[in-house]
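The values are calculated or read from the model by the stated rules, or taken from the named source; none is laboratory data. Owing to the predicted nature of the structure, the values given are computational and were not obtained by experimental measurement. Note that we place each Cβ from the backbone using ideal geometry, even for glycine, and neighbour counts take in every protein chain shown. Areas reflect the complete protein model, heavy atoms only, side chains present, ligands, DNA and RNA absent. Shrake-Rupley method; radii C 1.70, N 1.55, O 1.52, S 1.80 Å.
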Amino acid sequence: MKNANFHTGDVKRTCEAKLGIEFRPGKEFNGWYWFKNKKVARITVPKGRKPIPKKTYKAMAAQLKLSVKEFDELLECPLDKDRYDEILESRVLK
Amino acid sequence: MSDQELKMLIKESVREVLEEERVAQQEIERLIKGVARSSGKSKKIFPGEIIKIHVLPTKKLTQPLEAVLETDDGGYIVRTVDLPLYAYGDDPIEAIQNLKYEIESLYADLMEDDNFSEEWLNCKHFLKKIISEE
C-alpha cells in the first residue's frame, strides 16, 4: 500500500486527469465515474490529508471497485482509463 | 408535647428532608445528562462500535442507518454498513458528522436522475425508503 506517498489532492487530480471524474466541492470532494452512459462508481476524497490514512486509502480504492494494488497503480500511472474500464466491466457490469 | 411525640416529629421531618434531597439529586442528574446530550457528549464512542444514525443534518431517517467506527492512523474512519460510504475525522464525533453529510450528499446525487448502475439504483431505492423529507 502506497498511501504514504500521496496527498488526497493527488488522488483528486489523478481521478480528474485519468478517469475524467468531475468533483463537486462540499464537506469533502465527491465525484462519479461514468461508464457506458451510467454512473457506476462514486469516490469521496477528503480534503487535505497527507499521508492518506491507510483505511481511508483502502476505502477510496473500494469505492472505485479497485484493490489497493490497482489503486496504487492508478495513482502511479501504470493503470490507465482503458484498463480501469476493463476492470469495471468485469466487476460491475458482468 | 411528650418526648415520644417530639422524637416522632423529628424523625418525620428528617425523612421528609432526605426525600426532598433525593428528588433534588435526581433532578440535577437529569439536567446534567440533558446538557451533555445537547452538547453531543452524552456517550463515549469507541472504535469497533456499531453506531446507529437517526438524523441527518437537514433530514430525518425513518429507520436508523448502521455505521462502524474505526481508528485510522491517528484519526477516525466511519463506514455505513448498507451503503458504499465512508467519512474521516480527527475525532469520532467529526467523523460521524462528516458521514451524515456524505449520506445527504449521496441522496442528493441519486435524486438527480436515474443514470446509475443497478447497485446505485438499489441504494437510491433504499435511501428513498428511509429518508423523510419532512
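Of all residues in the range A:53-87, those being over 13 Å from the mean Cα position of the chain (by Cα) and not in a helix (DSSP H, G or I) number 2. Residues of the range B:28-54 that are open to solvent by 80 Å² or more (accessible area, probe 1.4 Å) and modelled with pLDDT under 70: B:Ile28, B:Glu29, B:Arg30, B:Leu31, B:Ile32, B:Lys33, B:Val35, B:Arg37, B:Ser38, B:Lys41, B:Lys43, B:Lys44.
Only one entry of B:Pro57, B:Pro64 meets the criterion of being modelled with pLDDT under 95 and part of a loop (DSSP other than H, G, I, E, B), and that entry is B:Pro57.
Residue-wise test of (1) modelled with pLDDT of 90 or more; (2) touching a His at 6+ places or on another chain (Cβ under 7 Å); (3) facing chain B (nearest Cβ under 10 Å).
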{"site": "A:Asn3", "(1), (2), (3)": "no, no, yes"}
{"site": "A:Thr8", "(1), (2), (3)": "yes, no, yes"}
{"site": "A:Thr14", "(1), (2), (3)": "yes, no, no"}
{"site": "A:Lys18", "(1), (2), (3)": "yes, no, no"}
{"site": "A:Pro25", "(1), (2), (3)": "no, no, no"}
{"site": "A:Asn37", "(1), (2), (3)": "yes, no, yes"}
{"site": "A:Val40", "(1), (2), (3)": "yes, no, yes"}
{"site": "A:Gly48", "(1), (2), (3)": "no, no, no"}
{"site": "A:Pro51", "(1), (2), (3)": "no, no, yes"}
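Here B:Asp73 meets the list (1) surrounded by fewer than 21 Cβ atoms within 10 Å (Cβ to Cβ); (2) in contact with a Lys or Arg (Cβ under 9 Å, 6 or more places away or on another chain); (3) more than 7 Å from chain A (Cβ to nearest Cβ) almost entirely, failing just condition (3). When the range A:25-64 is filtered for residues that are among the charged types (D, E, K, R) and either out of contact with any Phe, Trp or Tyr (no Cβ under 7 Å at 6 or more places or on another chain) or within 16 Å of A:Arg13 (Cα to Cα) (or both), the ones remaining, listed by number, are A:Glu28, A:Lys36, A:Arg42, A:Lys47, A:Arg49, A:Lys50, A:Lys54, A:Lys55, A:Lys58. Taken as a whole, the condition of being over 11 Å from the mean Cα position of the chain (by Cα) and more than 9 Å from chain B (Cβ to nearest Cβ) does not apply to A:Gly31.
Being modelled with pLDDT under 95, more than 24 Å from B:Lys128 (Cα to Cα), of a type outside the set (Asp, Glu) and not in a loop (DSSP other than H, G, I, E, B), is that true of even one residue in the range B:92-106? Yes.
All but one of (1) open to solvent by 60 Å² or more (accessible area, probe 1.4 Å); (2) modelled with pLDDT of 95 or more; (3) within 9 Å of chain A (Cβ to nearest Cβ) hold for B:Leu121; which doesn't? If we test B:Leu121 against (1) open to solvent by 60 Å² or more (accessible area, probe 1.4 Å); (2) modelled with pLDDT of 95 or more; (3) within 9 Å of chain A (Cβ to nearest Cβ), just (3) comes out false. Of all residues in the range A:1-26, those that are touching a strand residue (DSSP E or B) at 6+ places or on another chain (Cβ under 8 Å), surrounded by 14 or more Cβ atoms within 10 Å (Cβ to Cβ) and not β-branched (Val, Ile, Thr) total 5. Of the residues making up the range A:43-55, those that are under 14 Å from A:Asn5 (Cβ atoms) and open to solvent by less than 60 Å² (accessible area, probe 1.4 Å) are A:Arg49, A:Ile52, A:Pro53. For the range B:98-118, a residue qualifies if it is without any contact (Cβ under 8 Å) to a residue 40 or more places away in the chain and under 18 Å from the mean Cα position of the chain (by Cα), and the qualifying residues are B:Asn98, B:Glu102.
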